[in-house]
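The values are calculated or read from the model by the stated rules, or taken from the named source; none is laboratory data. A quick note: this is a predicted structure, and the numbers were derived from the prediction, not measured. FYI the Cβ positions are ideal-geometry reconstructions off the backbone, even for glycines, and counts take in every protein chain you see. Just so you know, the surface numbers come from the protein's heavy atoms only, side chains and all, with ligands and any DNA or RNA stripped out. Shrake-Rupley method; radii C 1.70, N 1.55, O 1.52, S 1.80 Å.
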Amino acid sequence: MLYEFRLPDIGEGVVEGEVVRWLVKEGDLLREDQPMVEVMTDKATVEIPAPRAGRVTRRIYAEGQSCPVGKVLIELDTGSAEADAPATKAAAEPSAAAPSRGDTATVAAAPSGAGVLATPATRKLARDVGVDIRAVAGTGPAGRVTHDDVKAATSGESSAPPAIESDVARRDSSGVGGGGSGRVGEAGDVRVPFRGLRKKIAENMVRSKHTAAHFTYVEEIDCTELVLLRSRANQRLAADGIKLSFLPFIVKATAGALEKFPQLNATLDEAAGEIVQRKRIHLGLATATDAGLMVPVVRDANGRSVVELAQEIDRLAAVTRSGKAAREDLSGSTFTITSLGALGGVMAAPIINYPEVAILGVHKISRRPAVVGDKIEI
């Protein structure tokens with residue numbers, strides 16, 4: 001029996017999810033609740049399990065493509081006699097056979113065109129338009145058949161380069177060694193797929209720059225007393241195994257400032273044409289991860305002590321960098337802090353975390369010469 005699994009509505013206004021990585025391939029036998037796919041929304045990356053046992057007959061969307069909520073994501077044959085049998089070792093460990101995050105090509109098992117390099121979506125397009133994918137010359141990496149190749153085949157044109165061409169023409173068409181209109185690059189270049197979290201970050205930043213009127217105000221602060229306060233606090237907390245960074249103090253101070261200036265603890269409701277001053281203070285902390293910049297959220301920051309803030313910051317950093325952060329850990333911020341202190345530098349102009357209205361950039365705390373009265377002191 002064919003079962004169509006549709007991308008579920010996971011709330012908070014999410015309308016689609018991008019397929020980050022398939023954990024199963026067509027033909028695999030799945031157990032119920034076995035992880036099938038990693039899908040990224042604008043809030044977080046979630047792992048979706050199989051709703052029931054069965055054999056994978058078709059993956060509808062390829063890695064890097066977006067599936068709208070309610071559309072079929074994957075098809076399972078739940079009536080197979082093997083569906084009730086124990087899963088094989090390969091099915092129990094799908095990640096070993098799944099393509100890496102860097103792959104853009106998937107060989108789909110299909111009775112027609114088996115062995116042709118193409119994504120499931122491209123194969124579906126070929127079937128829909130009545131094109132024999134085996135007769136299409138692929139122009140993608142490693143000869144992969146692309147959407148454009150299939151479309152060109154329907155019009156009787158070939159999108160593949162001529163079989164015989166000059167070295168100059170070949171360089172121009174590939175972008176290697178020349179300034180042609182094809183793929184840009186040179187021999188030895190490494191291509192990294194622009195999708196998933198990094199693409200979503202870029203889209204959000206571009207939207208923010210186009211929506212919010214950015215301006216940067218820079219102030220230099222004397223942190224001498226803060227350095228002394230942190231040192232005394234760490235001496236007192238050493239017996240409990242707690243060591244404070246500067247960040248929880250900065251978060252505490254920022255939360256206090258936002259209570260005094262609520263117009264900065266706000267978000268833009270563009271559809272309603274309103275700026276919403278938020279009652280609660282949920283501070284986002286820009287955090288660098290291997291996958292890109294993420295923003296875990298310290299909720300009700302103004303109601304926590306410095307030690308409580310430090311513990312929550314450590315927890316959020318750990319789950320975010322390990323990829324185990326819950327969706328509620330990564331959404332709902334009302335103001336964001338980005339700390340570049342560990343990287344040094346003099347000053348940077350961070351981009352507002354849309355739909356918030358402001359962001360605080362914190363930089364390196366170091367000893368500097370300053371005018372104190374009529375003297376220059378450190």
### Task
Could you check how many residues of the stretch 278-303 are under 15 Å from G256 (Cα atoms) and open to solvent by 80 Å² or more (accessible area, probe 1.4 Å)?
3
### Query
Hey, any hits in the stretch 53-76 for a residue that's modelled with pLDDT under 85, hydrophobic (A, V, I, L, M, F, W, C), buried (at least 16 other Cβ atoms within 10 Å of the Cβ) and within 25 Å of the chain's Cα centre (by Cα)?
no
### Task
Identify, by number, the condition in (1) in a loop (DSSP other than H, G, I, E, B); (2) loosely packed, with under 12 Cβ neighbours inside 10 Å that P193 doesn't meet.
(2)
### Task
Scan the stretch 365-376 and report the pairs whose first residue is in a loop (DSSP other than H, G, I, E, B) and whose second residue is loosely packed, with under 10 Cβ neighbours inside 10 Å, with Cβ atoms within less than 6 Å and a gap of 6+ or a chain change.
R367/I378; P369/I376
### Query
Is it the case that the stretch 315-324 has a residue that's in a loop (DSSP other than H, G, I, E, B) and closer than 24 Å to V357 by Cα?
no
## Note on the structure
Going through the stretch 25-49 in order, the residues found to be more than 20 Å from I201 (Cα to Cα), hydrophobic (A, V, I, L, M, F, W, C) and surrounded by fewer than 22 Cβ atoms within 10 Å (Cβ to Cβ) are I48
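For K252, state whether it is open to solvent by 80 Å² or more (accessible area, probe 1.4 Å) and either part of a loop (DSSP other than H, G, I, E, B) or in contact (Cβ under 8 Å) with a residue 40 or more places away in the chain (or both).
On the way: open to solvent by 80 Å² or more (accessible area, probe 1.4 Å): no; either part of a loop (DSSP other than H, G, I, E, B) or in contact (Cβ under 8 Å) with a residue 40 or more places away in the chain (or both): yes.
Judged against the criteria, K252 is not a match.
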### Query
Considering only residues of the stretch 343-376 that are in contact with a strand residue (DSSP E or B) (Cβ under 9 Å, 6 or more places away or on another chain) and loosely packed, with under 10 Cβ neighbours inside 10 Å, which is farthest from D222 (Cα to Cα)?
I376
### Task
May I ask you to list the residues in the stretch 223-244 that are surrounded by fewer than 13 Cβ atoms within 10 Å (Cβ to Cβ) and not in a helix (DSSP H, G or I)?
G241, K243
### Task
Could you list, in sequence order, all residues of the stretch 255-276 that are closer than 18 Å to I359 by Cβ, exposed (fewer than 15 other Cβ atoms within 10 Å of the Cβ) and touching a strand residue (DSSP E or B) at 6+ places or on another chain (Cβ under 8 Å)?
P262, Q263, I275, V276
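What number of residues within the stretch 325-339 satisfy the criterion of being buried (at least 16 other Cβ atoms within 10 Å of the Cβ) and part of a loop (DSSP other than H, G, I, E, B)?
The qualifying residues number 5.
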